[in-house]
Amino acid sequence: MIKTIKTFFFVLCTIVIITASCKESGSEISSDAFQKPNVIFIMTDDQGYGDVGFHGNTIIKTPHIDALAARSTELTNFHVGTTCTPSRAGLLTGRNSNRNNTWHTIGGCSILNKEEQTISEVFQDNGYNTVMFGKWHLGDNYPYRPQDRGFKDALYHGGGGIGQTPDYWNNDYFDDTYFRNGVPEKFEGYCTDVWFKETVKYIEDQKDTPFFAYLALNAPHGPFNVPQEYLEMYADADLNEKQKRFYGMISNIDDNIGKLMEYLESSGKLENTILIFTTDNGTAAGIGKKNGTVTGYNANLKGTKSSPYDGGHRVPFLIHWPKGNITADKLKQSNDLVSHVDMLPTLAKLCGMDFTPKNELDGADVSKVFYLNKKLEDRMLVVDTQRLQWPVKDRNSCVMQGQWRLVNGNELYNMDTDFGQAEDLSSKFPERVKNMQAFYEDWWISTEKDMHYASIPLNTPNNENVLLTIHDLHSEDPIPWNQNLIRKGKMKPKGYYLVHVEEEGLYQFNLSRYPTESNLKINDNTNPIPSTSNKDGLSAGVGIEIVSASIRIGDNKKKIDTDGNRTYVQFQQYLKKGSYNLSASFITEDNVQFPAYYLSIVKK
């Protein structure tokens, strides 16, 4: 009996020693007594690979992000989409944007299809509290809003940026009105400061339940509006005026990250929080010109936002999780190929969640890449830029395999030896080109079968008003996607909204020139808002004189005589269940059709 007990304790001690040794060596966290970590995922907007100090930018001031980099594991070969909506959709679903109606940023093609499974839904299904702050850009209508897609709480602006068409009227980054779970709420302060303050408030309220916080910033996306003190930080920098604002916006983000880190440490939450910092595409304004000379820094990458070259989609990526042994002390960097579409399966694995994807993923669990002596299997990934009403094969494509890039189907580059993608090696490696082309062909066939538009329901829970804005009009014409263009009133795109009626009945349609909260009439002119050194102004609002209005729903068309001395023109139409193409216009005295920029709908 004594011998048996001694043997038992010897085995037990051996297990303890081995487990401790594994943890010291930086291997994966043990599953014993696993406590689900919190997750904070920070994604900035339009900040490129070179727009941080730790990548060699000597002008930009990002001391807190640099300090985070010094203690985090960095993925140096991390890629996203080349513009905002594709990146955010890929992150949330693990699927490329061409699969889920997010291949554009406007025109009805930035609405994440409702059958998509989101990372927030997966976290929520596994017992997490979920929240998002900032920029959504995946649909402004039910059931496409963040609170409809797995986020228990959400605070966000409309459209793809503050001041865009679906956003609250006259928002300008300062003292704006944002939407909390769909309800307008007025805030004081600069937008980035608001997002971070609300994040800290939220975390303070979380007790025993783990949380997933998606901090999706709109900065440093244009308009480049920035607090004066951050603009002054770059007063003497060798940058043009737009770049100074852009850099100032990033330094403001940096200060907020510093405050967040300080809070997480002081509260004791940092130890078991997976903190990720990344961005959504290549730089928008990090490279510019001043007096004919190129200014700024892009880490020697070729291309910027929207480009299929690495400057369009290679971005910074930092991850820090002390309790999970993911820190710079354990592994400083990995140069394995990783993408935004890998985040859903990877975080599910790291957080010990039960995850079976509902749809075919383009991403994979790459969690082992964060640990010593762990390499990913060789694979290929695709990124492209469409920005059309319907995706086009071979358009602005990049096939990636390790350090190899096949750009536009025929240009081959090795990033190990040619970081700036100056030498096309396609003629020297024809077999590699052929293999990568074949992968793209198979990927396109797989993707194409998933392509379809999202339909906006005219029915909502509680029978709320449905607001359609010109931002989501399916059209081949230029669309007034921001409020400055709305004010100018020059664009007259022809197109339609794809809508769906789930409840047969009588519907009321209010056609407006301006949004409801503006209280402006169709023929109202408004004064311009002047620019300042740190903030763009807005053009004068130009009203229109109309003599009639019309609406077409499927095959039914109605027209009434009216004038512009009202805030909206009203129609009613009885609709049966089904999908419809919907369009609405004002008609001027010289018979010019002017689309209703805003269209409010409710079932009577």
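Going by what's in this entry, would Thr130 be described as in the same structural domain as Gln333 (by TED's automatic domain parsing), in contact (Cβ under 8 Å) with a residue 40 or more places away in the chain and in a strand (DSSP E or B)?
Working: in the same structural domain as Gln333 (by TED's automatic domain parsing): yes; in contact (Cβ under 8 Å) with a residue 40 or more places away in the chain: yes; in a strand (DSSP E or B): yes.
Spelling it out, Thr130 is indeed in the same structural domain as Gln333 (by TED's automatic domain parsing), in contact (Cβ under 8 Å) with a residue 40 or more places away in the chain and in a strand (DSSP E or B).
Could you say which residue among Ser531, Ser539 is of a type in the set (Ser, Thr, Tyr), exposed (fewer than 15 other Cβ atoms within 10 Å of the Cβ) and within 29 Å of the chain's Cα centre (by Cα)? Give the steps one after another, and end with the answer.
Values: Ser539 fails: exposed (fewer than 15 other Cβ atoms within 10 Å of the Cβ).
When all the criteria are applied, what remains is Ser531.
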Inspect all residues belonging to segment 288-299 and state whether any of them is within 30 Å of Asp378 (Cβ to Cβ) and either assigned to a loop (DSSP other than H, G, I, E, B) or not aromatic (Phe, Trp, Tyr) (or both). yes
I'd like to check something: does segment 264-278 contain any residue that is among the aromatic types (Phe, Trp, Tyr), more than 24 Å from Pro210 (Cα to Cα) and in the same structural domain as Lys305 (by TED's automatic domain parsing)? no
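Tell me the residue from Asn300, Asn291 that is touching a residue at least 24 places away in the same chain (Cβ under 8 Å), surrounded by fewer than 23 Cβ atoms within 10 Å (Cβ to Cβ) and not hydroxyl-bearing (Ser, Thr, Tyr), please.
Working: Asn291 fails: touching a residue at least 24 places away in the same chain (Cβ under 8 Å).
Every option except Asn300 fails the conditions.
Which is within 30 Å of Asn298 (Cβ to Cβ) and not small (Gly, Ala, Ser), of Met451, Met415? Steps first, please.
Details: Met451 fails: within 30 Å of Asn298 (Cβ to Cβ).
None of the other options fit; the residue is Met415.
Kindly check whether there is at least one residue in segment 347-354 that is in a loop (DSSP other than H, G, I, E, B), touching a helix residue (DSSP H, G or I) at 6+ places or on another chain (Cβ under 7 Å) and assigned by TED's automatic domain parsing to the domain that holds Gly127. Outline the logic, then answer.
Of segment 347-354, the ones in a loop (DSSP other than H, G, I, E, B) are 351-354.
Narrowing further to those that are touching a helix residue (DSSP H, G or I) at 6+ places or on another chain (Cβ under 7 Å): 353.
When the remaining residues are screened for being assigned by TED's automatic domain parsing to the domain that holds Gly127, the result is 353.
Within segment 347-354 (the criterion being in a loop (DSSP other than H, G, I, E, B), touching a helix residue (DSSP H, G or I) at 6+ places or on another chain (Cβ under 7 Å) and assigned by TED's automatic domain parsing to the domain that holds Gly127), the answer is yes, since at least one residue qualifies.
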The lone exception for Pro86 - which of (1) surrounded by fewer than 18 Cβ atoms within 10 Å (Cβ to Cβ); (2) at pLDDT 95 or above; (3) not acidic (Asp, Glu) it fails: (1)
Among the strands (runs of 3 or more DSSP E) contained in segment 386-456, which hold 3 or more residues that are of a type in the set (A, V, I, L, M, F, W, C) and closer than 21 Å to Asn77 by Cα? 397-401, 404-407
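So if I check each of Asp378, Asp394, Asp365, Asp354, which one is more than 23 Å from Phe54 (Cβ to Cβ) and touching a residue at least 60 places away in the same chain (Cβ under 8 Å)? Break it down stepwise before answering.
Details: Asp378 fails: touching a residue at least 60 places away in the same chain (Cβ under 8 Å); Asp394 fails: touching a residue at least 60 places away in the same chain (Cβ under 8 Å); Asp365 fails: touching a residue at least 60 places away in the same chain (Cβ under 8 Å).
Only one candidate passes the filter, namely Asp354.
The values are calculated or read from the model by the stated rules, or taken from the named source; none is laboratory data. In this text the structure is predicted, and so the values were computed from the model without any measurement. Positions of Cβ are generated from backbone atoms using ideal geometry, with glycine treated the same way; all protein chains shown enter the neighbour counts.
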